[in-house]
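Presented below is the structure to which this report refers.
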């Protein structure tokens, strides 16, 4: 079993000082998604506060193993498609 730390980053850093043990990195990845979903269920406005929401997972040496990122993106106003908005006039 390895210990993984799930640090929440959404406006401010909330470090995980305890961590959880999982048998594999795959199991820790599943838990990271579940953790992100739980946080966003309680505070859904985090992704609309101007920053992305992240769960950064580290090992016991505090080395980052992977990150789950959730971003809210508004569509361009006025019915313009993103492709038309990005094209420059000829």
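Among the residues of the range 2-15, which ones are touching a residue at least 12 places away in the same chain (Cβ under 8 Å) and on the phi < 0 side of the Ramachandran plot?
Scanning the range 2-15 gives 2, 3, 4, 5, 6, 7, 8, 9, 10.
May I ask you to verify whether residue 68 is in contact with a helix residue (DSSP H, G or I) (Cβ under 8 Å, 6 or more places away or on another chain) and either at pLDDT 95 or above or assigned to a loop (DSSP other than H, G, I, E, B) (or both)?
Yes: the conditions hold for residue 68.
Pairs needed: first member in the range 31-45, at negative phi and at pLDDT 90 or above; second member anywhere, surrounded by 13 or more Cβ atoms within 10 Å (Cβ to Cβ) and assigned to a helix (DSSP H, G or I); C-beta distance under 8 Å; at least 6 residues apart or different chains.
That search, which allows pairs on different chains as well, returns 39/46; 40/46; 40/47.
Considering only residues that are part of a strand (DSSP E or B) and either surrounded by 16 or more Cβ atoms within 10 Å (Cβ to Cβ) or more than 14 Å from the chain's Cα centre (by Cα) (or both), which ones fall in the range 10-56?
20, 21, 22, 53, 54, 55, 56, listed by residue number.
The values are calculated or read from the model by the stated rules, or taken from the named source; none is laboratory data. Here the structure is a predicted model, which means the values were calculated and not measured. Virtual Cβ from ideal backbone geometry, glycine too; neighbours counted across all protein chains shown.
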